[in-house]
Each structure stands twice: as structure tokens, then as C-alpha cells.
Amino acid sequence: MTKILLVDDHALLRKGFRMVLETELELEVVGEAADGRIALEQVASLSPDVVLMDIRMPGGDGIDATERIVQAHPATRVLVLTTFDLDEYAFGALRAGASGFLLKNAQPAELVAAVRAVAAGDAVVEPRITQRMLEMFSGRLPAAGTAPGPDGSDPRLTSLTPRELEVLRLVAEGLSNVEIAERLFLSTTTIKTHTGNLLAKLALRDRVQAVIFAYESGVVRPGSID
């Protein structure tokens with residue numbers, strides 16, 4: 001059973017999400033919150049697997065709540081809700097550790113699929129949308145968390161094999177595993193293995209964080225991808 005916490009300041013939206021999610025036998029809505037502050041309390045007491053988080057709420061910012069949840073409860077994954085697919089707030093939530101974002105007007109099947117994917121440890125962001133968001137806000141990206149190496153790259157990259165580094169670049173370009181496999185003439189299973197290995201070596205949660213890391217570390221540069 002996947003436990004879900006709904007966080008949105010509109011009760012009607014929470015009710016709608018609950019109705020959709022609870023039609024699935026393996027999904028259980030264990031709580032609701034109207035702002036980020038209450039969400040933090042609910043996560044601590046209910047230990048949900050997935051938090052469906054609105055990011056624009058009075059009385060409790062969703063981005064701050066996302067960051068606090070990810071830091072204090074790493075087993076809980078956050079899926080943020082946004083009105084626009086190129087929303088600066090959604091980008092901030094991804095950088096704060098959210099596993100993806102979903103448009104509020106998503107179809108019921110898309111909502112269910114997104115929750116299932118996040119619960120399974122996957123990221124829920126169309127790769128090319130992630131790329132466009134990073135392009136839009138790249139000027140606000142801070143430097144990587146550690147000092148760059150002699151060649152200007154993040155020293156953490158030295159842990160990657162040449163193939164893993166190549167896969168990271170292609171992930172940052174917005175390619176899916178299938179597209180990367182076709183580009184490199186490898187199987188999709190092999191690409192999944194490489195992706196899993198590079199995420200583990202770089203201590204990243206998912207593909208979304210890998211894309212952000214690739215930009216922050218200089219593996220790819222804003223404007224360098226067609």
C-alpha cells in the first residue's frame with residue numbers, strides 16, 4: 001500500500017485528488033494539509049510514501065516544505081503541483097529535492113501514474129521540460145556544492161566511468177533511456193544500469209537531480225543543447 005499526503009490550500013482540489021487516488025486499491029490517502037507548516041507535521045506523524053505538494057500556498061511555502069521534508073524524511077518523496085509547466089516555483093521545488101512536478105489539470109490516469117512512479121523511486125518530469133526550465137533559470141543556478149577540479153569540472157565526476165559520463169550528458173540533454181540506448185547502440189537495460197550507477201556514485205535521488213547536477217557541474221552548459 002502506498003500512503004499519500006495531499007497538500008493544497010484548496011479543499012475542493014484535495015477532495016478531487018482523493019477521489020481519483022482512492023479508486024486504486026494500492027493507493028491510500030492518509031492525510032491532508034492546507035499549507036506547508038501543517039504538511040511538515042503530517043509527514044512526521046503519518047510517514048507517507050508520497051506527498052502531493054502544492055507550491056503556492058498562503059501560510060506555508062511549498063518549496064521550503066519540500067526541502068525540509070526531503071532532508072528530514074528521505075524515504076518520503078515529493079511530487080509538486082503547478083499550474084504552468086515552465087513555472088519558476090516548480091523549478092525551485094525540483095532544486096529543493098522534489099522528484100518531479102505535475103500540472104494541476106492533469107488527467108486522472110496521469111495523476112495515478114505519476115504517484116506510482118514517484119513511489120517506485122522514479123522521477124516524474126518530462127526530460128525536455130526539465131531542460132527548458134534549466135535553460136530559463138540557468139543564470140540563477142549556484143555553483144556546485146564542492147569546488148571545481150583543475151579542469152573546471154566538479155571533482156565528483158572523477159568517480160564516473162567514461163560511459164557513465166556520456167550517459168549523464170545525454171540525460172541532461174533530455175533523452176529518455178530508450179533514446180540514449182539508440183544513440184549509443186546499447187540495450188535499454190544497459191542504460192538503466194549506467195544511470196543507476198551514476199546516480200549512486202553522485203549520491204543523487206533521481207534523473208531530475210542528475211540533470212540539475214549536470215548543469216551545476218558544467219557537464220553541459222545552458223544554450224549548448226539544440
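The values are calculated or read from the model by the stated rules, or taken from the named source; none is laboratory data. What you are looking at is a predicted structure, and each value in this text was computed from that prediction instead of being measured. Note: ideal-geometry Cβ built from the backbone for every residue, glycine included; neighbour counts use all protein chains shown. Accessible surface is based on the protein model in full, side chains and every heavy atom, while ligands, DNA and RNA are left aside. Shrake-Rupley method; radii C 1.70, N 1.55, O 1.52, S 1.80 Å.
Brief remarks follow.
- Within segment 11-38, if we keep just the residues that are assigned to a helix (DSSP H, G or I) and in contact with a Leu (Cβ under 7 Å, 6 or more places away or on another chain), the residue that is nearest to ARG116 (Cα to Cα) turns out to be LEU21.
- Residue count, segment 93-119 (criterion: open to solvent by less than 20 Å² (accessible area, probe 1.4 Å) and either more than 13 Å from the chain's Cα centre (by Cα) or not hydrophobic (A, V, I, L, M, F, W, C) (or both)): 5
- Condition check for VAL30: surrounded by 15 or more Cβ atoms within 10 Å (Cβ to Cβ), farther than 19 Å from ALA210 by Cα and in contact (Cβ under 8 Å) with a residue 12 or more places away in the chain: yes
- Restricting segment 188-210 to residues that are open to solvent by less than 60 Å² (accessible area, probe 1.4 Å) and assigned to a loop (DSSP other than H, G, I, E, B), the residue that is farthest from ASP122 (Cα to Cα): LEU204
- If the condition is being farther than 14 Å from LEU5 by Cα and hydrophobic (A, V, I, L, M, F, W, C), then segment 71-97 contributes ALA72, PHE84, LEU86, ALA90, PHE91, ALA93, LEU94, ALA96.
- Just one of the listed residues (ARG183, ARG156) is modelled with pLDDT of 90 or more and either part of a helix (DSSP H, G or I) or surrounded by fewer than 14 Cβ atoms within 10 Å (Cβ to Cβ) (or both), namely ARG183.
- Only one entry in ASP122, ASP54, ASP64 is among the charged types (D, E, K, R), touching an Asp or Glu at 6+ places or on another chain (Cβ under 7 Å) and farther than 28 Å from VAL178 by Cβ, namely ASP54.
- Selection status of VAL51, buried (at least 21 other Cβ atoms within 10 Å of the Cβ), part of a strand (DSSP E or B) and either of a type in the set (Ser, Thr, Tyr) or without any contact (Cβ under 8 Å) to a residue 40 or more places away in the chain (or both): no
- Out of PHE213, PHE137, one residue alone is within 17 Å of ALA93 (Cα to Cα), at pLDDT 85 or above and assigned to a helix (DSSP H, G or I). It is PHE213.
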